[in-house]
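Data first, discussion second: the structure below is written as structure tokens.
The values are calculated or read from the model by the stated rules, or taken from the named source; none is laboratory data. Everything quoted here is computed from the prediction, not taken from an experiment. Using ideal geometry, Cβ is built from the backbone for each residue, glycine included, and neighbour counts are taken over all protein chains shown.
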Amino acid sequence: MDRQQPPGDGSPRWPAPAAAGPVRAHLTLPGSKSMTNRALVLAALAGGPGAVTNPLRARDTLLMARALTALGAAIEEDGGSAAGPERWLVSPGQPAGDVRVDVGNAGTVMRFVPPVAALTAVTVGFHGDARASQRPVGPILAALRELGAVIDDGGRGAIPFTVRGNGSLAGGVVTLDASASSQLVSGLLLAAPRYGKGVEVRHQGGRVPSAPHIAMTVQMLRDAGIEVETACRQPGGGVADTWRVHPGMIGSRTQFVEPDVVNAVPFLAAAVVTGGSVTIRDWPRQTCQPAAQIVDLITRVGARCETTAGGLTVTGTGTVHGITADLADVPELASVLTAVAALADSPSRLTGIAHIRQQETDRLAALATEINALGGGVTELPDGLVVEPRPLHGGVFASYDDHRLVMAATVLGLAVPGIEVQNAATVGKTFPEFPSLWSAMVEGPP
């Protein structure tokens with residue numbers, strides 16, 4: 001894989017902080033990107049004004065807010081204070097004329113917003129970063145056409161494309177292959193209550209990745225007063241592959257966004273790698289985020305995990321273990337877990353993640369290329385990676401404009417001095433505060 005950054009990228013290199021000893025930290029993390037963007041869509045489609053409390057402020061969520069504003073919603077920021085967290089006040093509305101939506105490289109924006117655009121009475125053009133044109137949106141565009149939408153994409157099934165709304169959409173039953181991204185399902189479900197007949201989405205294809213994120217969508221719809229049914233059409237199967245959203249008015253309310261448990265994983269990995277202790281405050285006890293899977297995997301690689309009223313505390317044992325794991329439900333963890341595996345005492349095999357080749361970058365190829373350039377032994381599989389731990393050395397770690405690659409590099413940097421992360425600022429896609437929080441954790445209290 002080409003190790004160069006995208007053309008024209010002259011960003012500086014960030015020296016990943018090396019740990020002088022076990023890290024010890026208590027951290028409060030920003031809100032969940034996944035919950036923030038779902039909450040914004042539901043609020044923009046609701047029957048009246050609402051609010052999103054503790055939203056994540058990052059590139060992906062700001063792109064979502066701007067997209068929904070372009071489609072007629074009014075979003076007003078109410079800054080946080082000692083009296084409470086930040087709120088975004090959302091009032092539904094309709095656009096006055098044709099608009100263009102910049103999706104950046106945000107999967108949620110390119111897949112959640114077109115079903116909303118189909119409800120407008122204007123023409124909505126979608127464009128984005130260069131990488132966006134290579135990410136899967138074809139199945140949701142085809143599904144929207146089946147449901148009655150008019151879409152011009154030049155036959156590419158990709159960004160850029162245009163949605164020509166006529167003010168409503170009939171809805172109905174649609175079949176699509178969501179094996180490339182669970183967001184293809186969630187995007188249809190979120191707007192479905194506003195369609196005349198609602199929508200029944202039937203998945204037909206390989207395993208749907210990130211199943212907990214579809215469960216999150218379903219739960220948030222139900223919390224908004226929408227009736228949702230799930231079923232499995234496969235004989236003897238237990239995993240949902242059919243989702244029926246009934247038409248109805250989405251309740252206007254205040255939605256609270258939990259801390260992002262996925263963005264906590266690099267910090268938890270730091271405790272494992274350094275034999276230290278990290279506490280994430282306000283770790284949700286009951287959540288539709290993949291918190292249980294995270295605790296299980298962090299325990300398996302060599303840590304003690306304890307959940308108390310103060311949050312989740314992860315304590316490293318001084319040993320990092322290799323693991324065999326199917327990450328299909330939690331592919332967002334693959335990059336950091338690969339970095340941890342490169343520092344382990346035995347080989348690892350991480351599978352179920354073929355689809356992450358189509359995310360912000362080809363993550364499997366990028367991880368293998370960058371870790372091997374530091375002396376590692378990572379081999380690509382059709383659906384994952386095999387990691388053979390080897391002595392590593394410093395060097396430049398390219399990020400490929402991918403926030404998860406930045407996080408992987410910084411975890412490696414704890415144990416391998418001299419790693420420089422190229423274009424580390426791209427982590428602002430989902431976690432702008434990451435570099436400062438990471439440095440503060442490694443350096444410890446003044």
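Residues of the stretch 303-319 that are of a type in the set (A, V, I, L, M) and either within 26 Å of the chain's Cα centre (by Cα) or closer than 23 Å to Ser34 by Cα (or both): Ala303, Leu312, Val314.
Could you list, in sequence order, the residues of the stretch 292-317 that are in contact with a Ser or Thr (Cβ under 9 Å, 6 or more places away or on another chain), of a type in the set (Gly, Ala, Ser) and not in a strand (DSSP E or B)?
Gly302, Gly310, listed by residue number.
Kindly establish whether Thr379 is more than 23 Å from the chain's Cα centre (by Cα), hydroxyl-bearing (Ser, Thr, Tyr) and assigned by TED's automatic domain parsing to the domain that holds Ala328. It is true that Thr379 is more than 23 Å from the chain's Cα centre (by Cα), hydroxyl-bearing (Ser, Thr, Tyr) and assigned by TED's automatic domain parsing to the domain that holds Ala328.
Residue by residue, here is whether (1) crowded, with 23+ Cβ neighbours inside 10 Å; (2) among the hydrophobic types (A, V, I, L, M, F, W, C); (3) modelled with pLDDT of 95 or more holds:
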residue: Ala224; (1), (2), (3): yes, yes, yes
residue: Arg233; (1), (2), (3): no, no, no
residue: Val245; (1), (2), (3): yes, yes, yes
residue: Phe256; (1), (2), (3): no, yes, yes
residue: Pro259; (1), (2), (3): yes, no, yes
residue: Asn263; (1), (2), (3): yes, no, yes
residue: Phe267; (1), (2), (3): yes, yes, yes
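Taking the criterion of being in contact (Cβ under 8 Å) with a residue 24 or more places away in the chain, surrounded by fewer than 24 Cβ atoms within 10 Å (Cβ to Cβ) and within 20 Å of Val201 (Cβ to Cβ), the residues of the stretch 108-138 that qualify are Leu119, Arg135, Pro136. Can you find a residue in the stretch 376-385 that is free of Cβ contacts under 8 Å to residues at least 60 places away in the same chain and closer than 20 Å to Thr426 by Cβ? No. Among the residues of the stretch 213-222, none qualifies, meaning not one is assigned to a loop (DSSP other than H, G, I, E, B) and in contact (Cβ under 8 Å) with a residue 60 or more places away in the chain.
Within the stretch 94-126, if we keep just the residues that are outside any helix (DSSP H, G or I) and polar (S, T, N, Q), the residue that is farthest from Arg194 (Cα to Cα) turns out to be Asn105. Looking for something without any contact (Cβ under 8 Å) to a residue 60 or more places away in the chain, among the polar types (S, T, N, Q) and assigned by TED's automatic domain parsing to the domain that holds Leu374 - is there at least one such residue anywhere in the stretch 328-343? Among the residues of the stretch 328-343, not one is without any contact (Cβ under 8 Å) to a residue 60 or more places away in the chain, among the polar types (S, T, N, Q) and assigned by TED's automatic domain parsing to the domain that holds Leu374, which makes the answer no. Of the strands (runs of 3 or more DSSP E) contained entirely in the stretch 18-79, not one carries at least 2 residues that are polar (S, T, N, Q) and over 19 Å from Val99 (Cβ atoms). If you go through the stretch 170-212 and keep only what is surrounded by 22 or more Cβ atoms within 10 Å (Cβ to Cβ), among the β-branched types (Val, Ile, Thr), outside any helix (DSSP H, G or I) and at pLDDT 95 or above, you end up with Val199, Val201.
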